[in-house]
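The values are calculated or read from the model by the stated rules, or taken from the named source; none is laboratory data. Predicted, not measured: the structure shown is a model, and the values here were computed from it. Counting neighbours? That spans all protein chains shown, and the Cβs are built from the backbone with ideal geometry, glycine included. These area figures cover heavy atoms from the full protein model, side chains too; ligands, DNA and RNA do not enter into them. Shrake-Rupley method; radii C 1.70, N 1.55, O 1.52, S 1.80 Å.
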Number of protein chains: 2
Amino acid sequence: MKIAVLGTGVVGQTIAGKLIQLGHLVIMGSRSATNEKAVSWATQNGERASVGTFAEAATFGEIIFLATKGDVTLEIIQQAKPENFSNKTVIDISNPLDFSNGFPPALSISNTNSLAEKVQKAIPEAYVVKTLNTLTAQLMVEPSRLPEETHIFLSGNHAAGKEQARALLQEFGWQNQTIIDLGDITTARGTEQFLPLWVRLYGALGTPNFNFKLVRESK
Amino acid sequence: MKIAVLGTGVVGQTIAGKLIQLGHLVIMGSRSATNEKAVSWATQNGERASVGTFAEAATFGEIIFLATKGDVTLEIIQQAKPENFSNKTVIDISNPLDFSNGFPPALSISNTNSLAEKVQKAIPEAYVVKTLNTLTAQLMVEPSRLPEETHIFLSGNHAAGKEQARALLQEFGWQNQTIIDLGDITTARGTEQFLPLWVRLYGALGTPNFNFKLVRESK
């Protein structure tokens, strides 16, 4: 498929690289089409990899990943032009972490709202799905690095978007039963507010290479 | 030991019942010493069980559990008299859930503060430990109901309090390596903000009988 990844940081590079490995046509979007990190990424990833502005990337992608820092996600959607997201699955990985007062980060949106809900409102014709925002980039695309199956979550208002996201996640290596559909987009409040615990666990464990496995009482 | 449990709801009854089973002397504290639920609990739990006002309970207990609803925790500390908590381990299980606008609950305190921090400030001479607030009551005291080992967290400023809490958790059945010390009391922001995800998982799974197992990359 033709897939856009907006964002050139570790998450963007990791997702984009995995999508190339899987055989997709991938455009990495950034503020300028000559962004060094994006150009370098495309040069190293062969002919299926390309670069463009946010708007060019959003136009090209049949599926669009939001892999930017959470504090610029909404601004970047405006740069990419909201109409370019219409009738497409938009996978929002970004977290509204606010490091302006140092560590630990606060959340710039939380409690009775979420970044994912703001994203859905900004692109009402898109099928926004929040997922993958609860773990480190490398594990997003290679869950088998962990010695046991762990779980991730889906939040979204549109069944079609969630199905497409689930299919891609399975391409990434997530077993179907490990992908938990939490419900509509407001459930992203839960996974976004999980980040403060994730950050402290990173501190306590000294590594970001962990995830949670949901264990239920046996019947 | 002499242990006070403040709160007569499901969490309070479950914790108090387990402590009796383990051989402790347990007083259940409530607004009035003739609280029906507390008296009924004591009647059913033999001579090591007693009841009292919040202040009587806090005076009696060498360890004090805060097992009330989060929206009244701070008020109940005042009723119990802050000085009665001094130099004691205080285990705060309460969550600042606000159901005033229905489901899903909001958090009345979150992001850059936590209920646990407010509790510690209200009783500065106490050793406040936040723990057990991330799972349902029955699993708090019987983690082996789950088919695999799962994890819980400790937050607190005082090593002595965390050691005493850890020892009690081990009496409850938690293996030492499943009790993760997140750090100081501010880390309770993480576990309290985990509740919105917990609530949505309860909805998605249809049962509260689950917990998380932390899975790390093998070395």
Q: Select from the stretch B:179-209 the residues that are surrounded by 15 or more Cβ atoms within 10 Å (Cβ to Cβ) and of a type in the set (S, T, N, Q) and list them in ascending order.
A: B:186, B:187, B:191, B:193, B:209
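Looking only at the stretch B:123-173, count how many residues are of a type in the set (A, V, I, L, M) and either without any contact (Cβ under 8 Å) to a residue 60 or more places away in the chain or assigned to a loop (DSSP other than H, G, I, E, B) (or both).
Residues meeting the conditions: 13.
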Q: Would you please list the contacts, defined by Cβ atoms under 8 Å and residues six or more apart or on different chains, that run from a residue in the stretch A:90-112 that is within 11 Å of chain B (Cβ to nearest Cβ) to a residue that is open to solvent by 30 Å² or more (accessible area, probe 1.4 Å) and of a type in the set (A, V, I, L, M)?
A: A:105/A:97; A:106/A:97; A:107/A:97; A:108/A:97
Q. Considering only the stretch A:163-178, how many residues are touching a strand residue (DSSP E or B) at 6+ places or on another chain (Cβ under 7 Å) and surrounded by fewer than 22 Cβ atoms within 10 Å (Cβ to Cβ)?
A. 3
Q: Of the numbered conditions (1) farther than 21 Å from residue B:97 by Cβ; (2) touching a residue at least 12 places away in the same chain (Cβ under 8 Å), residue B:7 fails exactly one; give the number of that condition.
A: (1)
Q: May I ask you to list the residues in the stretch B:1-18 that are part of a helix (DSSP H, G or I), among the aliphatic types (A, V, I, L, M) and open to solvent by less than 30 Å² (accessible area, probe 1.4 Å)?
A: B:15, B:16
Q. Looking at the stretch A:174-198, which of its residues are in a helix (DSSP H, G or I) and either at the interface with another protein chain (Cβ under 7 Å from one of its Cβ atoms) or of a type outside the set (A, V, I, L, M, F, W, C) (or both)?
A. A:176, A:177, A:178, A:186, A:187, A:189, A:190, A:191, A:192, A:196, A:197
Q: Hey, could you check the stretch A:130-144 for residues that are within 11 Å of another protein chain (Cβ to nearest Cβ) and under 9 Å from residue A:173 (Cβ atoms) and say which is least open to solvent (accessible area, probe 1.4 Å)?
A: A:143
(Q) Return the residues of the stretch A:19-55 that are in contact with a Lys or Arg (Cβ under 6 Å, 6 or more places away or on another chain) and either in a loop (DSSP other than H, G, I, E, B) or not small (Gly, Ala, Ser) (or both); say none if nothing qualifies. (A) A:20, A:25
